[in-house]
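The values are calculated or read from the model by the stated rules, or taken from the named source; none is laboratory data. Computed from a predicted model, the values in this text were never measured in an experiment. Positions of Cβ are backbone-derived with ideal geometry, glycine not excepted, and every protein chain shown enters the neighbour counts. Accessible surface is based on the protein model in full, side chains and every heavy atom, while ligands, DNA and RNA are left aside. Shrake-Rupley method; radii C 1.70, N 1.55, O 1.52, S 1.80 Å.
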Amino acid sequence: MGRESKKVDEETVADVHDLTVSYHIHPVLWDVDFQVPRGKLMAIVGPNGAGKSTLIKAMLGIIPSTTGWVKIFNEPYQKVRHRIGYVPQRGSVDWDFPTTAIDVVTMGRYGKIGWFRRPGKKDREISYTYLEKVGMQDFAQRQISQLSGGQQQRVFLARALAQEADIYFMDEPFAGVDVVTEKAIVNLLFELREQSKTVIVVHHDLQTVNEYFDWILLLNMRKIAIGNVDDTFNEENLRKTYGGKLAILSKAANAMTKGRVDGIID
Amino acid sequence: MTLMAFASFEIWIMVIGALVCSACGILGCFLILKKLALMGDAISHAVLPGIVVAVMLSGSLNSIAIFVGAGIIGVLTPILVDSLKSSRLIDEDAAIGSVFTFLFAIGVIMVANAGNIDLDTECVLYGEIATTPFDTWVVGGTPYEFDGHTFMKGGTDIGPKSAWTLGIVLLINILFIFFFYKELKISTFDPALALSMGLKPKLIHYLLMFFVAITTIASFEAVGAIIVVAMFIAPGASAYLLTDRLSLMIFLSGIVGAASSVLGYMLALALGGDVSIAGCMAVAAGGIFAMCFFFSPKYGVVVRFARRYKLKKRFHAENALVNMYRTHELGERCLVKNYRHNVIVRFIQQNILTEKDGELHLTEFGTEKAQNLMRAHRLWEAYIHKLGLPEDHVHQPADEMEHYLTNDLCTEIAQELKNPQSDPHGKPIPTKPAL
C-alpha cells in the first residue's frame, strides 16, 4: 500500500471536540474528544449509563450539547445531513404505528426528498432494493407490528441504507435480534466498509467486538480510549471502562445538580 | 316556516356537524398517534381566555381576531407544557393537567365578568349548533341598524356563516395534511430521525397544535369546548382500529366524523325535547368507536375472541389425538365413549380416524399427525429436562408447547439434544415423520 492511499485511508470523517452533554445541568458526558478515520467500523462500548446513545445523539444534533463541537466531513452536521444515516434504538418508536415495512424504509428517503415534495417512483424503487438487500422483500406490505424483533431491526437497517449516506450511526442494532439477523447485519456492515463508508455502532456484546469491528471507542462518561481494536480493546482499557472508578465524576455531576452547599462565597 | 326551509335547516345542522367532526377528526389522528389525546383536550379548553379577549376587543364571535387569539394560545399551551415538563419537576400529564385547567379557569372567570359580551357559559361548554344555521351570510345587501345590531337588507343568502368558516378550516386542515404529510408522518413515527434529517419535528408539532387550536375555535360556536374533544379523538380512534395505513386512517376518520354528525342528529330528533344536538353527535361518535372496538375485522374484540376460540378448539382436538395415540401406545383399546362426539365426527371426516364396533383406530394419516404432536411434546420434555427442570415438572409445559412447536424447531431441538430416542420418562420419541 502506497503512502498516498494510506493518507486517504486515515482521513478523518468525524471530529468530536471537547463535547460535554448534560441532561439539564447534570453532565452525562464529559469533555469527549476523538476523531474517527474514514472506512472504519467503530464500536462504541461501555457500561449501561456510560452515555453511548447520548454521544451519537449529540453528534447528530438530536440532543443539544453544553460545550464543544462536532464536525462531520469537516463541516457542522447541519451542512452534511444528506451524507448521514441513522438507526435509532428499535424501542424508540411505536411499532403499532399504522404503516408498512416498505413505508418505513421509504422514510429513509425523506431527508433527500426535502420539504413538501413526496417520495416518487424512484424513491420507492430504491427503498424496495434495500428492503431486498436485508432479505425482507416478502414483508414489504406487512404492518410493522406484525414483524419479529429481528425483522423490525432489518427494516430499520434498510431505512438507513435508503439514506444512501457516507457515514452511519447505529444505536444498538444487535439488541434483541436472532442469529440470522445478526449475521445479516454484520455482512451489511462489512459491505459498507468495502465501499469505504464509516459506521459507528453502539455495541453491547464484548465477545463479538473482535469479530465485527476494526475500530473501538471505550466510553464511560468520558473517553477511555479510542483506536484500532487489536491495540485498544485490551484488558487494561476494559478495566478502566467497566471498573467503576467513576466515583469522582458521578459526585462532581451530583454536585453540579445540587449546587455547592458549603459555598466558598455565600 | 315552510317545509322546505325546515328541511334545509336540518341539513345545515348535519352539514355543520359533519364539518366540525371531520375537521377535528383528521387532525385527531395525529394527536392519537403522538399519544397526545390529552393535549387536544388541553388546547380546546385553554383557548377560552383567548376567545374572551378577542370577543371583548372585536365585539363579535366571527372575527379573524378570535382565530389569532386562539392560535397564539394554541401554540402557547404546548410550549408551556413542554417547558414545565423539561423542568423535570413534574411529568407531562401533570403539566398538561395544570396548564389547561388554569387557562380554562381564567377564561371562565372572564366570561362571567365580561357582562355585555355575547358569550354564555352554556354555549362555551356545549355549543349551540341548533342556532348556527340562522346566522347566515348575506352578500350584496345594504346594511341597516336595528335594535343596536346591524342587519342586511336584500342581497343573496349564501348559507350559515358557521358552515363557511368550518368549511374553510376543514379545507385548510386537509391542505396542511396534504402538503406536510411526509413531515407529519416521520415526525410522529420517529422524531429523532426527522430531526437528524433536518425535517424539524418540533416546528411540525407546533404547527399541528396551531391548527388544532384554529379548528377548536371554528367548532366552538357549534359544539363548545368539551364536546369538541370527542370530535378530535373518537373518529381517529375508530379509524385506527380499522386500518394499518396512515393515509386511510385519516380518510376514514373524516368519514367517521361525518357519520357521527348525521347519526347524532337523528338520535337528537329521536330523543326530542331539549336534548343537546352536539352532545348526541358526540354520543354517536362514541357509539361508532364502540362498534369498531368490538367488530373491527382486524383488531375487534369479537374477532380476537373468535380467533382464540378457534385456537382453543384446535388444542382440544390435538389433545384428544395425543390421548388416542397414547392409548394405542399402551396397547389399550381406544373407545368411542371416552371421546366427545363432535371430535370423533370431525376426525373421521378428516380421515384421521376409523371407527369399528365402538372402537377407534388411527389411520396412517392420523398416526402421522399424532406422532408429530407426540414428538414435539417429548422433545420439549427432554429439552427442558436438560435445562434443569426435574422429571416430574416437564409434562405440563410440554402439554402446552406441543401445540406451538413447528417441525423446524423440533428438528433444531433434536439436533441440540443429539437426536434423543426417549423422553425423561423413558417413553420413545417418534422419529421425524416423512413429509
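What the table shows:
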item	result
Cross-link pairs beyond the 28 Å C-alpha cut-off, checked among A:122/B:182; A:79/A:122; A:112/B:202; A:40/B:34; A:183/B:34	A:40/B:34; A:183/B:34
Pairwise Cα inverse-distance average, inverted: Kirkwood Rh of the stretch B:305-416 (Å)	15.0
Area projected by the alpha carbon convex hull of chain B, averaged over all directions, nm²	33.7
Area of residue B:182 that stays accessible when all protein chains are in place (1.4 Å probe, Å², to 10)	10
Theoretical ellipticity at 222 nm over chain A - DSSP helices of four or more residues, -39500 (n - 2.57) apiece, nearest 500	-10000 deg cm²/dmol
In Hz, Karplus ³J(HN,Hα) per residue of the stretch A:31-41 (6.51, -1.76, 1.60; θ = phi - 60°; x = Gly, Pro)	6, 7, 9, 6, 10, 10, x, 5, x, 9, 9
Expected-Rg normalisation [2.2 N^0.38 Å, Cα atoms] applied to the stretch A:3-257	1.02
Against the rule of thumb 2.2 N^0.38 Å, how large the Cα Rg of the protein assembly as shown comes out	1.24
Between helix B:364-386 and chain B: long-axis angle, C-alpha atoms, 0 to 90°, nearest 10	80
Nearest-ten-degree value, helix B:407-416 long axis tilted from longest Cα axis of chain B	60
Solvent accessible area, Å² - residue B:125, 1.4 Å probe, full protein context	40
Angle between chain A longest axis and helix A:149-162 axis [Cα atoms, degrees, rounded to 10]	90
Per-residue [θ]222 nm for chain B (sum of -39500 (n - 2.57) over DSSP H runs n ≥ 4, rounded to 500)	-24000 deg cm²/dmol
Average beta-carbon neighbours from other chains, 10 Å sphere, peptide B:241-251	3
Probe 1.4 Å - accessible area at residue B:412, Å² to nearest ten	110
Residue among B:331, B:321, B:303 farthest towards the positive dipole end of the stretch B:271-357, charges placed on Cβ	B:331
Average beta-carbon neighbours from other chains, 10 Å sphere, peptide A:230-238	0
Accessible-area order (highest first, 1.4 angstrom probe) of the listed residues B:369, A:57, B:418, B:356	B:418, B:356, B:369, A:57
For the stretch A:89-114, residues shielded by at least 20 square angstrom of accessible area compared with the chain on its own, probe 1.4 Å	A:93, A:94, A:96, A:97, A:98, A:100, A:103, A:107, A:110, A:111
Exposure ranking of B:384, B:158 by accessible area [1.4 Å probe, largest first]	B:158, B:384
Total accessible area lost when A and B pair, probe 1.4 Å, Å² to nearest 100	3000
Rel. contact order, % - alpha carbon contacts under 8 angstrom, at least six apart, chain B	17
Average other protein chain Cβ within 10 Å of Cβ, residues B:29-39	1
Rounded to whole Hz, the Karplus (6.51, -1.76, 1.60) HN-Hα couplings of the stretch B:303-311, x for glycine and proline	5, 5, 4, 4, 4, 5, 4, 5, 4
Solvent-accessible ranking of B:16, B:168, largest area first, probe 1.4 Å	B:168, B:16
